[in-house]
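Trainee: Sharing a structure with you now.
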Amino acid sequence: MNTKRNGHTDFSELEELIGYSFRDKKLLRIALTHSSFANEHGGSIEEYNERLEFLGDAVLELVTSEYLYTHLPEQPEGCLTRTRAIIVRGQALAAYANRINLNRFLLLGKGEESSGGRKRASILANTFEAVIGAIYLDGGLEKAKRFIERFVIKTAGNLEKQNFLYDCKTALQEEIQSTTGETIEYRILEELGPDHDKTFHVQVVIGNRPMGEGTGKSKKEAEQKAARQALGKLVE
């Protein structure tokens with residue numbers, strides 16, 4: 001799979017998969033190099049991917065935040081924060097990495113390799129962020145943004161067309177716990193339609209105060225919408 005050219009590992013197959021060709025091939029090699037591999041080969045901190053991971057994490061957060069801010073103008077800050085957290089959480093990043101077969105290109109030490117490191121979610125997630133950092137350094141923010149929109153945001157789900165459920169329930173719970181500490185209850189006000197095609201109308205009550213209502217094809221969807229309305233009232 002990987003061949004040597006000019007002293008560097010050839011990752012042209014991966015470049016083709018991600019749709020980006022590096023001018024500085026060494027950056028990509030570093031992004032794919034786990035510390036276990038560098039340690040076995042006497043490499044310094046600049047020769048494995050933890051620093052690129054740090055940078056890629058920041059770029060990923062910026063691009064995702066901008067996307068959510070632009071495309072979800074009616075969502076309060078709490079929902080945007082929780083939605084971003086869902087999109088960029090470790091398990092999700094590992095899934096994105098698997099979609100581009102990133103595990104095939106990892107440079108791992110023998111011990112990490114034998115213990116299943118090539119399939120370890122944390123390693124895949126960290127490497128994925130390192131690749132983002134490498135693209136940013138090599139091609140700038142627009143190239144990194146294009147990669148993130150293609151392999152993170154679109155993979156997470158087209159937010160408009162697939163009715164992505166923003167995690168407003170968790171945002172509301174965290175907000176109330178950090179302020180009043182009141183109880184939160186979701187009450188079904190109405191169920192309409194046959195069993196195979198029901199519509200739920202839900203109310204969220206904080207303490208003894210009705211704070212929001214929502215309607216959806218599932219209880220979860222209706223509860224999220226009710227929580228979103230409640231968050232909006234709390235902000236006001």
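Trainee: Obtain the radius of gyration and the Kirkwood radius of the range 168-235 from its C-alpha atoms and give Rg over Rh.
Mentor: Reported Rg/Rh, Kirkwood definition of Rh: 1.02.
Trainee: Suppose every K and R has +1 on its Cβ and every D and E has -1 on its Cβ; what is the size of the dipole of the chain about the Cα centre, in Debye to the nearest 20?
Mentor: 620 debye
Trainee: Rounded to the nearest 0.05, what FRET efficiency do Glu182 and Phe54 have when you use their Cβ-Cβ distance and R0 = 45 Å?
Mentor: Rounded to the nearest 0.05, the efficiency is 0.70.
Trainee: Something else now. At q = 0.07, 0.12, 0.13, 0.15 Å⁻¹, what is the log10 ratio I(q)/I(0) for the chain, with the Debye formula run over Cα points and no solvent?
Mentor: For the requested q values the scattering log ratios are -0.32, -0.75, -0.82, -0.96.
Trainee: For Glu174 and Arg23 in the same chain, what is the full-extension length gain: residue separation times 0.36 nm, less their Cα-Cα distance, in nm?
Mentor: 49.9 nm
Trainee: Then there's this: Compute the length gained on full extension between Arg146 and Glu46: take 0.36 nm times their separation in residues and subtract their Cα-Cα distance, giving the result in nm to one decimal.
Mentor: 33.4 nm
Trainee: Now for a different question. Taking R0 as 25 Å, what FRET efficiency do you get between Leu192 and Lys233 from their Cβ-Cβ distance, rounded to the nearest 0.05?
Mentor: My answer for the efficiency is 0.50.
Trainee: Express in nm, to one decimal, how much length is gained between Tyr69 and Ser12 on full extension, taking 0.36 nm for each residue of separation and deducting their alpha carbon distance.
Mentor: Taking 0.36 nm per residue and subtracting the Cα distance, the gain is 17.0 nm.
Trainee: Let me check I've understood the local charge: for Ile30, count other residues with C-beta under 9 angstrom from its C-beta, Lys and Arg +1, Asp and Glu -1. What total comes out?
Mentor: Here the count lands on +1.
Trainee: Using the structure shown, select from Lys119/Lys143; Lys198/Lys220; Lys169/Lys225; Lys198/Lys233; Lys169/Lys233 the pairs with a Cα to Cα distance greater than 18 angstrom.
Mentor: Over 18 Å apart, Cα to Cα: Lys119/Lys143; Lys198/Lys233.
Trainee: Taking the highest mean first, how do the peptides 63-75, 167-179 order by number of other beta carbon atoms within 10 angstrom per residue?
Mentor: Listed from highest to lowest mean packing, they are 167-179, 63-75.
Trainee: Also, I was wondering about something else. Can you tell me the 0 to 90 degree angle between the C-alpha axis of helix 121-139 and the longest principal axis of the chain, rounded to 10?
Mentor: 70 degrees
Trainee: Report, in deg cm²/dmol and to the nearest 500, the calculated mean residue ellipticity at 222 nm for the chain, where each DSSP H run with n ≥ 4 adds -39500 (n - 2.57) and the sum is divided by the residue count.
Mentor: Per the formula, -16000 deg cm²/dmol.
A short reminder: the numbers here are calculations on the coordinates, not readings from a lab. What you see is a predicted model, and the numbers here were worked out from it, not measured in a lab. In this analysis, Cβ positions are derived from the backbone assuming ideal geometry, glycine residues included, and neighbour counts consider all displayed protein chains.
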